[in-house]
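Step one of this worksheet: look at the structure below.
Here, each number is a calculation from the coordinates, and none is a lab measurement. The structure presented is a predicted model; accordingly, all values stated were derived computationally and were not measured. Here the Cβ is made from the backbone with ideal geometry for all residues, glycine too, and neighbour counts use every protein chain on show.
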Amino acid sequence: HDAVEGIDEAMAAGARWGVAVLPGVEISAYAGEVEVHILGYMIRHRDARLRDMLRHYRTARVRRAREMLARLAALGMPLSWERVQALAGRGSTGRPHVARALLEEGYVSSVAEAFARYLRPGMPAYVPRDKASPAEVMAAIHAAGGLAVLAHPWAVTDEVARLAAQGLDGLEVFYAGYATNVTAYLRALATEQGLICTGGSDFHGLRLMPGNPLGGVAVSLACLRALYQRHRQRGRPR
């Protein structure tokens, strides 16, 4: 989340192998106390405003992760900061990496248990994060020439109408684990709110999310065409 590192490398590889690569980003935001994840498709990933915002939230993530480690140490579960950073690699340091470190040290039996017992809101090692509003995130995505799409929206469908009114472009209708009836409901909701339908695997690395492999969700060519069409529409003067 909150990082565009790797896009240049991906685009160069796409050019080498004849694969179209759409530059994108996933940014965490809060609608009140509800966390939502906003995807930015077709962004200008070198945009200064966008990069400044992402840099701010990455720095805040580091402070947050260090505080989580301090709380875990106080609970008798010390972790190596260097190992957490290594698990994060070039991306943003966050709760999944702390959860993985807990698993490696044998404090929990799974990443899911780490979240359930220690890292989710209300649990003893949870630390609130700096909160960007969805409107702020979508404005930054649009300013960078991109489209704003709500990721894995099933748990936050009550927010869709409000986000659509603030400039949301699309809804991630096709997602790992969504049943047919869920997909049908989200498709109807997108149509009702004038949003395009997208899909994705939510791939963040198999070590962190083994149930979400790269390319694990089938997305039709119609979704890609809709993305391009909406992108062209957004580029026109209003």
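Ordered by packing density, taken as the mean number of other Cβ atoms within 10 Å over each peptide's residues, highest first, how do 10-17, 149-156 rank? Write down the numbers at each step before the final one.
Details: 10-17: 11.5, 149-156: 20.0.
Taking the mean over residues of other Cβ atoms within 10 Å, the ranking is 149-156, 10-17.
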| Roughly how many Å is it from the Cα centre of segment 170-238 to that of segment 98-124, as a whole number? | 29 Å
| remark: Ratio for the chain, C-alpha Rg to 2.2 N^0.38 Å, reads 1.04
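For segment 134-207, what does the alpha-carbon gyration tensor say about shape, rounded, prolate or oblate, given a ≥ b ≥ c as the root eigenvalues, a/c under 1.5 as rounded, and a/b over b/c as prolate?
Values: a/c = 2.07, a/b = 1.20, b/c = 1.72.
It is oblate, given that a/c is not under 1.5 and a/b is not larger than b/c.
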| query | So for the pair Ala13, Arg66, with labels modelled 7 Å out along Cα→Cβ, what separation do we get in nm? | reply | 3.2 nm
| query | Counting Lys and Arg as +1 and Asp and Glu as -1, each charge on the Cβ, what is the dipole of segment 138-238 about the Cα centre in debye, to the nearest 20? | reply | 460 debye
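In percent, how large is the relative contact order of segment 1-105, given Cα pairs closer than 8 Å and 6 or more residues apart?
On the way: 111 pairs, mean separation 24.3, N = 105.
With pairs under 8 Å counted, the relative contact order is 23 percent.
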| remark: Rounded to one decimal in nm, the spacing of the 7 Å Cα→Cβ label points at Ala218 and Thr183 is 0.7 nm
| Relative contact order, percent, of segment 66-173 when contacts are C-alpha pairs under 8 Å separated by at least 6 residues? | 17 percent
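Just need the relative contact order of the chain here, percent rounded to a whole number, with Cα pairs under 8 Å and 6+ apart.
Values: 352 pairs, mean separation 41.1, N = 238.
This gives 17 percent for the chain.
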| task | Could you please state, rounded to a whole Å, how far the C-alpha centre of segment 40-77 is from the C-alpha centre of segment 6-25? | result | 24 Å
| In the chain, what % of DSSP beta bridges are antiparallel (nearest 5)? | 65 percent
| said: Please give the charge dipole size of segment 37-160, origin at the Cα centre, charges +1 on K and R Cβ atoms and -1 on D and E Cβ atoms. Round to the nearest 20 debye. | reply: 400 debye
| query | For labels at Ser80 and Arg225 in the simple 7 Å Cα→Cβ model, what's the distance in nm? | reply | 5.3 nm
